[in-house]
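Visitor: Dropping a structure here in structure tokens format, bear with me for questions.
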Amino acid sequence: MVIVPNGPIDVDWLGEQIESLHLEYDEESARNLQRYPYDLTQTRRHFSWGADSQTVQFLIETAATFGRDGLIAAGGAGATLLLEQGWQKLYDQLKARGHDVRYGRIATLSDDEAESRGRWLIVSEYAVEYDELMPRAVGRNKADQTYSLTASGPDGAVYNVVFQVRGTSATLLECKKELP
């Protein structure tokens with residue numbers, strides 16, 4: 001996410017909002033617990049070459065960075081959708097405050113990249129190993145910029161996933177498992 005503030009911005013508030021997307025308040029312990037792993041990097045830039053310009057950039061890497069165990073911890077499609085909704089809410093809040101927000105653009109993937117992302121999404125949803133999945137079909141829908149993967153598991157089950165990649169984050173839109 002890159003933000004062009006267009007005026008004053010509370011960077012501490014913004015950092016807390018981004019971090020809270022990955023936390024969940026636990027009533028029992030009365031504290032925030034980490035919902036899934038993340039790495040947050042914040043960069044501030046200020047240019048003064050005539051017209052004064054400033055940007056704030058937050059780069060957040062989530063479960064995909066942490067390999068198979070991290071993906072499983074992420075909780076699959078439900079958690080991914082909640083995170084996407086959280087980002088959209090923050091985006092809307094920043095736009096309402098008059099800031100220009102640019103966040104991860106929808107990525108174009110090669111067939112190999114789409115296959116790999118799809119396999120990791122299947123791994124995150126079901127108890128199957130990445131190397132045990134045999135890809136059968138990879139697809140791309142240019143109209144809605146989504147990708148699909150159909151793969152077979154070692155037990156003969158057929159897995160189908162549909163997803164979209166924005167920046168470095170894959171959002172699982174549909175996941176099905178057909179038993180043999």
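Visitor: Which members of region 158-172 meet the condition of being part of a strand (DSSP E or B) and modelled with pLDDT under 90?
Guide: GLN164, VAL165, ARG166, SER169, ALA170, THR171, LEU172
Yes/no per residue for (1) open to solvent by 70 Å² or more (accessible area, probe 1.4 Å); (2) at pLDDT below 75; (3) touching a Gly at 6+ places or on another chain (Cβ under 7 Å):
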site: VAL4; (1), (2), (3): no, yes, no
site: GLU16; (1), (2), (3): yes, no, no
site: GLU19; (1), (2), (3): yes, no, no
site: ASN32; (1), (2), (3): yes, no, no
site: ARG45; (1), (2), (3): yes, yes, no
site: ALA51; (1), (2), (3): yes, yes, no
site: ASP112; (1), (2), (3): yes, no, no
site: GLU115; (1), (2), (3): no, no, no
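Visitor: Sticking with this structure for a sec: Could you check how many residues of region 88-110 are in a loop (DSSP other than H, G, I, E, B), within 30 Å of PRO5 (Cβ to Cβ) and open to solvent by less than 50 Å² (accessible area, probe 1.4 Å)?
Guide: The total comes to 4.
Visitor: Among all residue pairs at least 6 apart or on different chains, which show Cβ distances below 6 Å where the first residue, located in region 22-35, is within 17 Å of TRP87 (Cα to Cα) and the second is part of a strand (DSSP E or B) and among the acidic types (Asp, Glu)?
Guide: These pairs meet every condition: ARG35/GLU24.
Visitor: Filter region 121-157 down to residues that are farther than 17 Å from LEU109 by Cβ, open to solvent by 50 Å² or more (accessible area, probe 1.4 Å) and not in a loop (DSSP other than H, G, I, E, B) and give me whichever is modelled with the lowest pLDDT.
Guide: GLU125
The values are calculated or read from the model by the stated rules, or taken from the named source; none is laboratory data. This structure is a prediction, so every number in the text was calculated from the model and none was measured. Glycine gets a Cβ as well: all are built from the backbone with ideal geometry, and neighbour counts include every protein chain shown. Just so you know, the surface numbers come from the protein's heavy atoms only, side chains and all, with ligands and any DNA or RNA stripped out. Shrake-Rupley method; radii C 1.70, N 1.55, O 1.52, S 1.80 Å.
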